[in-house]
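Enquirer: Questions regarding the structure given below will be posed in turn.
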Amino acid sequence: MDAIVDPAPLKEIQKFLWSQGDFDGLARQSLPAADRELIAETVKSTLDAQIDELAAGEPALIENFKGTSVPVRQVAVKDTEAVIAEFDKIWLPKAPVLAELRKVGATI
């Protein structure tokens, strides 16, 4: 059974880190290995919990969108890469951090 993680401590860590300036790779590498591992495990666990929560709520979200003018389309698995490419054309210029988030996410 997975542990239930309270995201509140992680939010406090995030607030502290952001208050100290950009918490980049160099800063992380200066931490003791045990601290880096603790941060990595906490972030991964919190992200897993957030993903589970989003997945559980997605059907209701889709139903709510059906009552609006927001188009909801089913995408065939074979078209996934093309849809992501179209998404990126729109959103990467507006939010370049998305590319970095994908890189970080791929390492977790």
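Read the figures in this text as sums done on the coordinates, not as results from a lab. Note that this is a predicted model, so its numbers are computed, not measured. Every residue, glycine as well, gets a Cβ built from its backbone with ideal geometry; the counts of neighbours run over all protein chains shown.
Enquirer: Quote to one decimal, in nm, the extra length available between Val43 and Lys103 on full extension: 0.36 nm per residue of separation minus the C-alpha distance between them. Display every interim value, and only then the final one.
Expert: Values: separation 60, 0.36 × 60 = 21.60 nm, distance 1.46 nm.
Answer, rounded to one decimal: 20.1 nm.
Enquirer: Sticking with this one: Could you give me the ³J(HN,Hα) list for region 89-98, computed from phi with Karplus coefficients 6.51, -1.76, 1.60 and θ = phi - 60°, whole Hz, x at Gly and Pro?
Expert: Result, ordered by residue: 4, 7, 8, 4, x, 7, 9, x, 4, 4 Hz.
Enquirer: Ok, one more. Give me Ile39, Ile84, Ile90 ranked fewest to most by other Cβ atoms within 10 Å of their Cβ, as a rough exposure proxy. Let's see the in-between values first.
Expert: Numbers: Ile39 16, Ile84 12, Ile90 9.
Final ranking by Cβ density, sparse to dense: Ile90, Ile84, Ile39.
Enquirer: Just subtract the alpha-carbon distance of Ala56 and Ala76 from 0.36 nm times their residue separation and send over the number in nm, one decimal.
Expert: Difference between extended and current length: 5.1 nm.
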